[in-house]
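The values are calculated or read from the model by the stated rules, or taken from the named source; none is laboratory data. Given the structure is predicted, the values throughout are model-derived calculations rather than measurements. Virtual Cβ from ideal backbone geometry, glycine too; neighbours counted across all protein chains shown.
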Ligand SMILES: [Zn+2]
């Protein structure tokens, strides 16, 4: 079993899964019917991607692992998602800024992974990129609309950006596994993605009349399994069925 | 052999997309391959969207459709190359429109309609292009929600991917 590959797939998978979970919490609670439907559709896309990753991770891991054990039966430290995606749905501004900061990273990431030497990762990326370009359209348009909207919507968006900015840097802090994957030609080059990311977010935030905070993002740890206090609650809900009724299926 | 191929085709045509029941899975372009093996047929399908909840149902429906002809079928799912709306057959596009879903345009037109709000998507009820996008995301991942300014009916548009 190639443990590095397994870990790398998990990292890709967990970002999609935990963000997908956060968005799924909004089902029936979106600020309007259209945004509710959009956010849950995005959640569904992210969960679809997660499923492909988890099936592949289970295959790489071998033994008696399957997609469900990979997705549901790990301990908190074994989840490798960045802290950004586990941040709560404080209000619609936080939801949109979190989504945009992730989409602006996710899109160029998948663009690179399309050429991964690992055929399965390349296939999942080529599939996902079509969906994620719709996510990016949705989140960037809402950033502009609310940032350059009313005084109140502008203020709320700026507040969300000021807060979430602390978490935006971790996406580009290369972990040991990411370094390994890059050198093997399996993973992405985060520096190249970072350049595209900066161009993208600077243009969108400028149009939205929002100011990118001057401080350097400092929150990190998720990639190494060190999570914020929110993660335990997420996993409690996510894992409840499998922990209560081990091996249950629908 | 030809007889078997025709029969496979016929059986596959009887399996519909659970979310758009007027389209067969052949119309949708999600069947990538059908092979006669020694003791079963092997059908290879590809999902429209990664999270398409219909895939498991489609797989089951294929197996059952063949079973009713006393043929054992196995289903394999592949992701690559990724499905595109261009694989929907012409026949399928016409059926979509009749069913009340505006069929996908090409990618450039799609962007104009969804991003720049250009009024080019035709209302499947009255044929007017005086239509407006309500939301990029609709009742399923593959659809955007529109409304017609002339007949005032809301309708789905199957967006390009
Ligand atoms: Zn009409």
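Which of the following residues is assigned to a loop (DSSP other than H, G, I, E, B) and within 14 Å of chain B (Cβ to nearest Cβ): A:128, A:116, A:133?
On the way: A:128 fails: assigned to a loop (DSSP other than H, G, I, E, B); A:133 fails: assigned to a loop (DSSP other than H, G, I, E, B).
Result: A:116 is the single residue among A:128, A:116, A:133 that is assigned to a loop (DSSP other than H, G, I, E, B) and within 14 Å of chain B (Cβ to nearest Cβ).
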> Taking region B:130-159 on its own, how many of its residues are in contact with a strand residue (DSSP E or B) (Cβ under 9 Å, 6 or more places away or on another chain), within 10 Å of the ligand (Cβ to nearest atom) and in a loop (DSSP other than H, G, I, E, B)?
Replying inline: 4
> Looking only at region B:11-59, which residues are farther than 24 Å from residue A:120 by Cα and assigned to a loop (DSSP other than H, G, I, E, B)?
Replying inline: B:14, B:15, B:18, B:19, B:37, B:38, B:39, B:40
> Consider residue B:100 against the criteria (1) at negative phi; (2) within 13 Å of the ligand (Cβ to nearest atom): it satisfies all of them except one. Which criterion is unmet?
Replying inline: (1)
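Listed here are the residues, each with its yes/no results for (1) surrounded by fewer than 21 Cβ atoms within 10 Å (Cβ to Cβ); (2) within 8 Å of another protein chain (Cβ to nearest Cβ).
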| residue | (1), (2) |
| --- | --- |
| A:17 | no, no |
| A:33 | yes, no |
| A:48 | no, yes |
| A:59 | yes, no |
>> Looking only at region B:49-67, count every residue that is more than 16 Å from residue B:6 (Cα to Cα) and more than 10 Å from chain A (Cβ to nearest Cβ) and tell me the total.
In response: 9
> So residue B:81 fits all but one of (1) surrounded by 14 or more Cβ atoms within 10 Å (Cβ to Cβ); (2) part of a loop (DSSP other than H, G, I, E, B); (3) without any contact (Cβ under 8 Å) to a residue 60 or more places away in the chain; (4) within 14 Å of chain A (Cβ to nearest Cβ); what number is the exception?
Replying inline: (1)
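Inside region B:102-130, can you point out the residues that are more than 14 Å from chain A (Cβ to nearest Cβ) and in contact with a helix residue (DSSP H, G or I) (Cβ under 9 Å, 6 or more places away or on another chain)? It would help to see each step written out before you state the result.
The first filter runs over region B:102-130 and keeps only residues more than 14 Å from chain A (Cβ to nearest Cβ), leaving B:102-103, B:105-106, B:108-109, B:118-130.
Within region B:102-130, B:102, B:103, B:105, B:106, B:118, B:119, B:120, B:121, B:122, B:124 qualify.
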>> Restricting to region B:103-122, name every residue that is within 16 Å of the ligand (Cβ to nearest atom), closer than 20 Å to residue A:34 by Cα and under 19 Å from the mean Cα position of the chain (by Cα).
In response: B:121
> Which helices (runs of 4 or more DSSP H) sit wholly inside region A:169-245 and have at least 2 residues that are touching a helix residue (DSSP H, G or I) at 6+ places or on another chain (Cβ under 7 Å) and more than 28 Å from residue A:76 (Cα to Cα)?
Replying inline: A:190-207
>> I'd like to know if region A:162-169 contains one or more residues that are at pLDDT 95 or above, closer than 30 Å to residue B:79 by Cα and surrounded by fewer than 16 Cβ atoms within 10 Å (Cβ to Cβ).
In response: no
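Residues are listed down the side, and each one gets a yes or a no for (1) closer than 17 Å to residue B:145 by Cα; (2) surrounded by fewer than 13 Cβ atoms within 10 Å (Cβ to Cβ); (3) in contact with a strand residue (DSSP E or B) (Cβ under 8 Å, 6 or more places away or on another chain):
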position: B:20; (1), (2), (3): yes, no, yes
position: B:29; (1), (2), (3): no, no, no
position: B:51; (1), (2), (3): no, no, no
position: B:87; (1), (2), (3): no, no, no
position: B:95; (1), (2), (3): no, no, yes
position: B:103; (1), (2), (3): yes, no, yes
position: B:114; (1), (2), (3): yes, no, yes
